[in-house]
Amino acid sequence: QVQLVESGGGSVQAGGSLRLACAASGRTFGTYYMGWFRQAPGEEREFVATITRSGNIASYADSVKGRFTLSRDNAKNTGYLQMNSLKPEDTAVYYCAASSRFTSSSSSYDYWGQGTQVTVSS
């Protein structure tokens, strides 16, 4: 099993940046694909990005492509979501998750963090 804890959320003005971190417990972090999802009030949880176990390939939702960058440091058991050029519509609770598959489907993720709030004001 793996436990995930997100950090780095906060409030920022439009155009600003934040970097979210996802710290994983256990020594098996590198065996999982990592994904990020977000959920705005009254909305369904939506895919943001995912990255391979080695970190060499990442896939992004069209809404964040070119603005967000996902990376991971397996030696530190930590993943990072760098978010630039933030927009008010990026406001949501952001969750990291771990899966045995490289997928954008939330149902394929077995482990989830508790989430971190990101608020972008105009």
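One table, with the values for the structure above:
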quantity	calculated
Matching entry among SER54, SER71, SER85, SER63 (being within 13 Å of the chain's Cα centre (by Cα) and small (Gly, Ala, Ser))	SER71
Single residue of segment 15-29 satisfying the filter (of a type in the set (Gly, Ala, Ser) and open to solvent by 30 Å² or more (accessible area, probe 1.4 Å)) that is farthest from GLY115 (Cα to Cα)	GLY15
Within segment 101-116, considering residues that are assigned to a helix (DSSP H, G or I) and touching a strand residue (DSSP E or B) at 6+ places or on another chain (Cβ under 7 Å), the one surrounded by the most Cβ atoms within 10 Å (Cβ to Cβ)	SER106
Residue match in segment 51-71 (condition: modelled with pLDDT of 95 or more, open to solvent by 60 Å² or more (accessible area, probe 1.4 Å) and of a type in the set (Val, Ile, Thr))	yes
Any strands (runs of 3 or more DSSP E) falling wholly within segment 1-73 and containing at least 3 residues that are small (Gly, Ala, Ser)	18-24
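The values are calculated or read from the model by the stated rules, or taken from the named source; none is laboratory data. These numbers come from a predicted model, not from an experiment. With ideal geometry, Cβ positions are generated from the backbone for all residues, glycine too; neighbour counts draw on all protein chains shown. Heavy atoms of the whole protein, side chains included, go into the accessibility calculation; ligands, DNA and RNA do not. Shrake-Rupley method; radii C 1.70, N 1.55, O 1.52, S 1.80 Å.
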